[in-house]
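S.K.: Okay, here's the structure, questions in a sec.
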Amino acid sequence: MKSVSYQRIYLSQEYLAPLGEIQSRALFGGYSLSVDNIVFAMISKGELYLRMCEESAQYTVKRQPPLLMYRKRGRDVLLNYYFVDEHLWRDIPMLVRLSFCSLDAARSEIQQRKAISRLKDLPNLTFQLETLLCEAGVSDAKMLRLLGAKVCWLRIKKMNKHLGIKVLLALEGAIFGLHEAALPAFRRQELIDWYNTLDNKVWEN
């Protein structure tokens, strides 16, 4: 499997050379691809995955490529990287353009994380949501990302039983630096399915 991944790394470095010098290193059981230490793609089991961003939303909504998944402590975890299929490999200009978008978005996120000091500065989050999150022990963006949208939503739901699916999607978008409307369709549906499995009567007790 390593040899297959190495072949994909070399091919990516060749095709995506316009982005700059692409470095690779082991990460999450696969390999990350970066330019100037900014990760924009992953290689897993010999396949390329590009980082999700708002600029790629139109492509991902239309094609609905699967997200990168890896095992962590016995459970599957979805990462914010989408699969590059053979159709996209044959369209090199589009592949390069989407890769540039992924790199630019990753660079912008790093800059934003340095500048952001409050939760309300993240996409989708209002002052009211920031207040609820802080009261629930989620005081900053780092804690929000660490806990994830579901756990944070459950915490603030205990304080406000009227919160619905829109807030859950807003939290997920904030974590990935996306407007909630730009979330990948499959990730949005996964959250909706999870939300629908909850027993709303719990919040009335």
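The values are calculated or read from the model by the stated rules, or taken from the named source; none is laboratory data. Everything quoted here is computed from the prediction, not taken from an experiment. Here the Cβ positions follow ideal geometry from the backbone for every residue, glycine too, while neighbour counts run over all protein chains shown. Surface accessibility is based on the protein's heavy atoms, side chains included, excluding ligands, DNA and RNA. Shrake-Rupley method; radii C 1.70, N 1.55, O 1.52, S 1.80 Å.
S.K.: Of the numbered conditions (1) on the phi < 0 side of the Ramachandran plot; (2) at pLDDT 90 or above; (3) in contact with a strand residue (DSSP E or B) (Cβ under 9 Å, 6 or more places away or on another chain), N37 satisfies every one except a single condition; which is it?
M.R.: The number of the failed condition is (1).
S.K.: Residue check: is G20 free of Cβ contacts under 8 Å to residues at least 60 places away in the same chain and closer than 20 Å to I92 by Cα?
M.R.: Yes: the conditions hold for G20.
S.K.: Would you check if Q189 is within 26 Å of L50 (Cα to Cα), in a helix (DSSP H, G or I), polar (S, T, N, Q) and at pLDDT 90 or above?
M.R.: For Q189, the condition - within 26 Å of L50 (Cα to Cα), in a helix (DSSP H, G or I), polar (S, T, N, Q) and at pLDDT 90 or above - is met.
S.K.: Quick check on the stretch 95-132: of everything there that is free of Cβ contacts under 8 Å to residues at least 60 places away in the same chain, part of a helix (DSSP H, G or I) and of a type in the set (A, V, I, L, M, F, W, C), which residue is most open to solvent (accessible area, probe 1.4 Å)?
M.R.: Per the criteria, the residue is F127.
S.K.: Taking the stretch 35-94 on its own, how many of its residues are open to solvent by 60 Å² or more (accessible area, probe 1.4 Å), hydrophobic (A, V, I, L, M, F, W, C) and in contact (Cβ under 8 Å) with a residue 12 or more places away in the chain?
M.R.: 1
S.K.: Applying the selection to the stretch 138-155, what residues are assigned to a helix (DSSP H, G or I), open to solvent by less than 60 Å² (accessible area, probe 1.4 Å) and within 12 Å of R118 (Cα to Cα)?
M.R.: Listed by number, the residues that qualify are A141, L144.
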